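See below for the structure under consideration.
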Amino acid sequence: MGVSLRESVELIADPRNLDASVEEVFQTMMGGQCLRAGEEAAAYEPESVTAVVGFGGLFSGACVFRSDSGTAQLLAGRMTGMEFPELDDTVRDAFGEICNMLAGAWKARVPTLAGHCGLSVPAVITGRDYNIHVQSPEFRVHHFFTFEGAPFDVTIICDGLR
Amino acid sequence: MRRQFRSMGKLAFKNKRRAPINALWRGNLGMSEIRTLIVDDSSVMRKIVERALRQAGLDDGLVVYEAGSGAEALEVLKGAQVDMILSDINMPVMDGLEFLRQLKAQNLAPGVPVIMITTESSEEHVKQAIQCGAVGYIRKPFTAEQVKERVLPLLTAA
């Protein structure tokens, strides 16, 4: 009999997994604590940075990590110990890696999921006035946070579970 | 001071930086240099791994080679001898598992310990990496202490 994640859906969709994953990654890699923020969509000015890591296998979907360019520069700085006055390739690289670690930490929270779900390499998108739309997701967990006062949000989207 | 390592591709270079501190582990291990190849498609992550090694006490004598994929790493190893390899798994062009298979198939770096540093950390992934020849596993995110715990016993054994 094959493995199915369907019966673990409540465990997988538990919103506390996302908070714990964010806490783990930020504490370990940036040495600081994140605070949960309100549920309102933050307006990321002057431009937003979005990193996406896809999930494949028995669980398909994506981990989406978003912030403004200032937050991205701050996080890259905390991660590398360098200063970034602008949004350059190193900042984008660091931002993608944070998303990668968030995705990995999130799926590792549920052992049955971890073994049957692969990760894509991160893609990073920068710009203004764009949306990421997923048609009828199975579930979505979307939380807002701040790190040293800088806002960001993380979304786990599941568009298929077998 | 960093210079391009000729013929190794744009992401591969030899890092000659030396800090005149902490020869503790180098001395204990009886090694004048610890030549380490770090393989990761993220240049930021390669720097973070290098920093973790230095924080773990391997600062003095650490010589770092870098590669952005398994394919680049194989090229580096055709021209350089290393004491240890730290590799990501999820990489474009050639992933970490295929890199391990190719290492074996091409008999490159025989006996050199390979540690995977990756977000893929399920039991299945660990088993697969060990079957392909890895001797250790570090999950991202990681601390310098975790790197030290995994790396030093391997160097001592070598």
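Observations on the structure shown:
- Per the conditions (1) surrounded by fewer than 17 Cβ atoms within 10 Å (Cβ to Cβ); (2) more than 26 Å from B:Ile117 (Cβ to Cβ), the sole criterion not satisfied by A:His143 is (1).
- The single residue among A:Val3, A:Val49 that is of a type in the set (Val, Ile, Thr) and either touching a helix residue (DSSP H, G or I) at 6+ places or on another chain (Cβ under 6 Å) or without any contact (Cβ under 8 Å) to a residue 40 or more places away in the chain (or both) turns out to be A:Val49.
- Taking segment B:1-76 as the region of interest, the strands (runs of 3 or more DSSP E) fully inside it that hold 3 or more residues being at pLDDT below 80 and out of contact with any Leu (no Cβ under 6 Å at 6 or more places or on another chain) are B:2-4, B:13-15.
- Residues in segment B:120-146 that are more than 10 Å from every other protein chain (Cβ to nearest Cβ), more than 17 Å from B:Asp95 (Cβ to Cβ) and in a loop (DSSP other than H, G, I, E, B): B:Val135 alone.
- Every listed requirement among (1) under 17 Å from A:Ser4 (Cα atoms); (2) free of Cβ contacts under 8 Å to residues at least 12 places away in the same chain is met by A:Cys117 save one, (2).
- Residue within segment A:16-29 that is more than 29 Å from A:Val3 (Cα to Cα), modelled with pLDDT of 95 or more, part of a strand (DSSP E or B) and under 16 Å from the mean Cα position of the chain (by Cα) present: no
- Boolean, B:Leu86 is away from chain A (no Cβ under 13 Å), hydrophobic (A, V, I, L, M, F, W, C), crowded, with 19+ Cβ neighbours inside 10 Å and part of a helix (DSSP H, G or I): no
- Test: residue in segment A:9-24 that is within 14 Å of chain B (Cβ to nearest Cβ), buried (at least 16 other Cβ atoms within 10 Å of the Cβ), among the hydroxyl-bearing types (Ser, Thr, Tyr) and under 22 Å from B:Glu50 (Cβ atoms): no
Okay, residues lined up against (1) within 8 Å of chain B (Cβ to nearest Cβ); (2) within 16 Å of B:Asn90 (Cβ to Cβ):
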site	(1), (2)
A:Leu35	no, no
A:Pro46	no, no
A:Ser69	no, no
A:Leu74	no, no
A:Thr90	yes, no
A:Glu97	yes, yes
A:Met101	yes, yes
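The values are calculated or read from the model by the stated rules, or taken from the named source; none is laboratory data. Only a predicted model underlies this, so the values are computations on that prediction, with no experimental measurement involved. Backbone-built Cβ (ideal geometry, glycine too); neighbour counts: all protein chains shown.
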